[in-house]
Amino acid sequence: MRSAKELQRLMQWHYASIRLPRLGRPLAWVTSGAPVELLRAAGVVAVYPENYGALCGAQHQAVALCQKAESEGYSPDLCSYARTSLGSVIAPESAPLGGLPRPDLLIACNNICSTVVKWYETLSDRFQVPLFVLDLPFIHDRLTPAMTAYAVTQLRDLVTFLERECRRKVSGAKLGEAVRQANETVRLWTEIHELCQAHPSPLNVPDLFVNMAPIVVLRGTASATRFYRHLRDEVAERVREGVGAIAEERYRLLWDNIAIWHHLYRLFNYFAEQGACFVVDTYTTAWSAEIPRGDLLESLAEAYAGVYLNRSLEFRARRMIDMIQAYDVSGFVMHGNRSCKPYSLGQVETRRLVTEMTGAPGLLIEADMCDSRAFAPEPIRTRIQAFIETLESSGREMRGEAQGERR
Amino acid sequence: MAKVGMQDSLRWLDDPYADWPERFPGRKAIGYFCSYVPLEILHAAGLTPVRILQLGSTAAAAHAHFPAFSCAMARTALERLVSSQLGFLNAVVFAHTCDTMQCLADAWRMVDSSQRVLHFSLPTTLDAAGSVEYVLNAHHQLLGELELLSGVRVSEEALLASIALYEERRRLLAELYRARESLGAGELWRITVAGLLMPVEEHLTLLGRAISSLSDAPARFGTGPRLAVAGTALHDGSLLELIEELGGQVVADNLCTGERAFQGQVDLQHHSDALAALTARALERPICPAKHKVGQEAAARILELVRSSRADGVVFVQPKYCDPCAFDYVPQRKALEEAGIPHVVVETETGACGAQARTRLQALLEMLS
Amino acid sequence: MTKRAYLGIDIGSLTVKVILIDEQGRVIGRALAVAGYGGQQAAKDLVAAVLSDAGLARSAVAGSVVTGYGRVTFGEADREVSEISCHARGASFLIPATRTVIDVGGQDSKVIRIDQRGRVVDFAMNDKCAAGTGRFLEVMANALGLAVEELGRVALVSAHPLTISNTCTVFAESEAVSHLARGAAREDVASGLIQAVSSRVLGLAARVGLRPQVVFTGGVALNEGMLTELRRQSGLEILVPPDPQMVGALGAALFARQFSAGGS
């Protein structure tokens, strides 16, 4: 893709810029679900250990770092992003890029999981820097006024915390601008997703996994917005020209959970060789909610409390069902990610429900997003092959214009 | 002699859910998992709280519903649900504890849609801005749902009466734990856990009997290296008995099936009403590894446990796949090493000890002799 | 004529070891046998055999200690002591400079740090699902059509070890078999397996710290390939005492002597 070069430059610039002199601006390690707009408004430099973990996984450097963490007593059953991150802190000389720059602040929001609270507590202890935990209660049924009030109170407290650490006021104008940029980025990202409703899909999910980095780490910046505009244009062009991501799109699939970073292309190429393209997924689409209009803190509270992983299993099953219908999907694959309990423990049940409601068969494969020691390629290959055969025999193959006749 | 009688009368702990309605007739049972659930409210609504523990269940199965990389407590509970052992429960209360229990709460209804599930939305951070209001609201929400479930309006008087009973229980348990040397850790575990499974009124009777049996009991468990046991829920008392068998004594624990379950008082003097007082207890009592509170980080907690009990060594009971325990272990180990306090980890699925765990415990005691 | 002797019995999951020492701590009897089911009967028979070979009656045994997996149900010793303490004691007796003991047995691995008196300072044992034991090597050797001892020797020949990374023994075996199926040389797979086990053992060791002099005991210490690889990966001079499988039983016998003299 043409935009690949721009992506590379953008991410290289991000990792280089975080090491530049910051003229007194604090640097914060931040979780992927934290309201970064507030940090942008405060002038805090945001760095993402989860993204760093994915990078290490993709470069096959995660296992060595996990082993460093394990030799200090961290259980190998803990999240591999956390183990990789802690390994890079214990032994930065062995870590890609020498690890991440030392944080001045830590900001953890548990809307994605509880592990981040424990992980960041450890980081706070190791670096002896302040930690702010943004506690957003899990939504089993619905977001209640009490939850919103609790979130808003904490966000106000976060603003106070940032103002104290940065020794200046959080600019309302800057916050508004960061929110505007973030919303624009999210709008473009959503458009890119929706373009994949085309037959054939212009993108396969590894493209989405690779291109999601800026929306995670550069959300709220003009450069991220610019990039996604270019990407959207390129993808729209592909749709106009009928260019598909894979040679022959026989099966349109949905992917659930984080990517298997250390086996990204090999895995999806194996599917592609059999004509299977992943046209939509639940992970990259998690950054799809715009921050609503109205009181800024309340809107931020709503947007961040309502993220995909903070929602019940039934909500997620419904979301998958909607996607299957909107994207004309005939089967789905769930990554049973040992590192991510909130994302994975419910999959046995949601898989059953989704198949029941849509008729689409689902495959559940156990692996780990970063730790390749928990991945067995041969047995997984066997399961994938069997799954494709299931799709074939149940008549779920795309046959040119005849998709409407399936199901 | 009283000890033998106690053991016999608590034999049902091996399989407590099987004949629960027969053992406690005329009661409306409500299940729960977490020691943060305010039992006083359940009681005031006319329900009998019954904690769902593993208790000898080795069926860490439920693979048809939950992946293997989850704790056995969650999987055995699900297995019990699936095999209809929990049909006697009118509902189940899920407090928000950890990622696994969060998923279990949702999966519970998906596995059995007839299940009535109530949520106690206790947040992770207990000292955040807005914690007091939110936790108070969580108590109000729970009360409201219980009133709907039971069809009974719960008055302030009813709440106060229930609190009085549970405060009395906490007082008696504290007294019993002070006599650990006479009673033994295994027996204490049985008496404590029995209380989590029976009506509080009957438990008060049991506690009274146990306390009076102590008057002439020798302190035969008071010798050997002093060990503190750290962790969350202990689903099997044999680990504690093994420590005693190997020549050690259990002098303290921070288990939520042990001391931590009854720590923290409901202070009605300084709070306007029952729910406000219950909220304060929830926020101020010693925390679970799954909670976040400044000043109660892992290292601080373990050093306090060791210091206050004058323990010589620590036994960590770590359920496999328990992330909070696994994270806490690293700073706790470092703190103990710096303080020169030896420890071992017993990684467990059922709470009981395998051969290797026995070796570890024995080696620790040998180091301390 | 009243010769006093002390018995140390180590009932492991695969083998039973018996050591007989005299008052001065000299080894006057030694035997090893397959444990069979439970190890109890094999242990009893072995004790009888050792005493008979030494020309001693049971009454000459002034004290006995049993250790190992099967110690819990063995009723014929005076005391039971953990294999942690016994290995520490035995290694320290044989090599006084010992400060770290690595023991890889059939079912479990242990790393023990000791002080100058041979007392245990810290230890770690393998957790569940950690493929760093003798059993893993057996399974792998079998997959390669080799005896375990051969596995080590064959590995030494390899110039290009292949990576076996999976934590799960079953999947690691399938990795090894896949390599072979794709035409990999047996010595390269063997070497990869040895590397994997060493890495796991040293990972365990990292939790207590490797302090020189490091001593390697247990049946796996006889495996040349493992010893070479442990030395290479750790960069340390690791010593193997003579008769490394008997270290636990020796430690047990030494404890028997100590208890008999009134020491705890």
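Laid out as a table, the results:
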item: Test: A:L158 is within 14 Å of chain B (Cβ to nearest Cβ), among the hydrophobic types (A, V, I, L, M, F, W, C) and crowded, with 20+ Cβ neighbours inside 10 Å; result: yes
item: Single match in C:I95, C:I9 (criterion: crowded, with 23+ Cβ neighbours inside 10 Å, away from chain B (no Cβ under 12 Å) and not aromatic (F, W, Y)); result: C:I9
item: Odd one out for A:R226 among (1) closer than 30 Å to A:S171 by Cα; (2) part of a loop (DSSP other than H, G, I, E, B); (3) without any contact (Cβ under 8 Å) to a residue 40 or more places away in the chain; result: (2)
item: From the options B:V251, B:V229, residue that is hydrophobic (A, V, I, L, M, F, W, C) and under 22 Å from B:L53 (Cα atoms); result: B:V229
item: Leading residue by the ranking (surrounded by the most Cβ atoms within 10 Å (Cβ to Cβ)) among those in the range B:26-78 that are part of a loop (DSSP other than H, G, I, E, B), touching a Gly at 6+ places or on another chain (Cβ under 9 Å) and within 14 Å of chain A (Cβ to nearest Cβ); result: B:F66
item: So C:E83, is it at pLDDT 90 or above and either within 25 Å of C:A184 (Cβ to Cβ) or within 17 Å of the chain's Cα centre (by Cα) (or both); result: yes
item: Within the range B:132-212, helices (runs of 4 or more DSSP H) holding 3 or more residues that are closer than 28 Å to B:K293 by Cβ; result: B:156-178, B:185-197
item: Failed criterion for A:V47 (all others in (1) surrounded by fewer than 24 Cβ atoms within 10 Å (Cβ to Cβ); (2) within 17 Å of the chain's Cα centre (by Cα); (3) over 30 Å from A:G176 (Cβ atoms) hold); result: (3)
item: Flag if C:R211 is at pLDDT 85 or above, assigned to a helix (DSSP H, G or I), charged (D, E, K, R) and surrounded by fewer than 18 Cβ atoms within 10 Å (Cβ to Cβ); result: no
item: Selection from the range C:232-264 of residues that are assigned to a helix (DSSP H, G or I) and over 25 Å from C:Q213 (Cα atoms); result: C:A256, C:R257, C:F259, C:S260
item: Flag if B:C98 is in contact with a Gly (Cβ under 9 Å, 6 or more places away or on another chain), closer than 28 Å to B:L278 by Cα and within 8 Å of chain A (Cβ to nearest Cβ); result: no
item: Members of the range C:91-108 that are modelled with pLDDT of 90 or more and under 21 Å from B:L361 (Cβ atoms); result: C:V101, C:D103
item: Any chance C:V120 is facing another protein chain (nearest Cβ under 10 Å) and either of a type outside the set (D, E) or closer than 29 Å to B:A357 by Cβ (or both); result: yes
item: Selection count, the range B:329-357, where residues are within 17 Å of B:L234 (Cα to Cα) and part of a helix (DSSP H, G or I); result: 2
item: Flag for B:V306 being assigned to a helix (DSSP H, G or I), more than 14 Å from chain C (Cβ to nearest Cβ) and either surrounded by 23 or more Cβ atoms within 10 Å (Cβ to Cβ) or among the hydrophobic types (A, V, I, L, M, F, W, C) (or both); result: yes
item: Residue in the range C:151-160 that is within 11 Å of chain B (Cβ to nearest Cβ) and surrounded by fewer than 16 Cβ atoms within 10 Å (Cβ to Cβ) present; result: no
item: Boolean, A:F375 is within 30 Å of A:Q59 (Cβ to Cβ), modelled with pLDDT of 95 or more and of a type outside the set (S, T, N, Q); result: no
item: Top-ranked residue of the range A:135-147 - restricted to ones that are out of contact with any Pro (no Cβ under 6 Å at 6 or more places or on another chain), outside any loop (DSSP other than H, G, I, E, B) and crowded, with 17+ Cβ neighbours inside 10 Å, ranked as nearest to the other protein chains (Cβ to nearest Cβ); result: A:A146
item: Scope the range B:290-343; condition basic (K, R) and free of Cβ contacts under 8 Å to residues at least 40 places away in the same chain; matching residues; result: B:R307, B:R333, B:K334
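The values are calculated or read from the model by the stated rules, or taken from the named source; none is laboratory data. This one's a predicted model, so the numbers in the text were calculated from it and none came from an experiment. Neighbour counts are summed over all protein chains in view; Cβ atoms, including those assigned to glycine, are modelled from backbone coordinates with ideal geometry.
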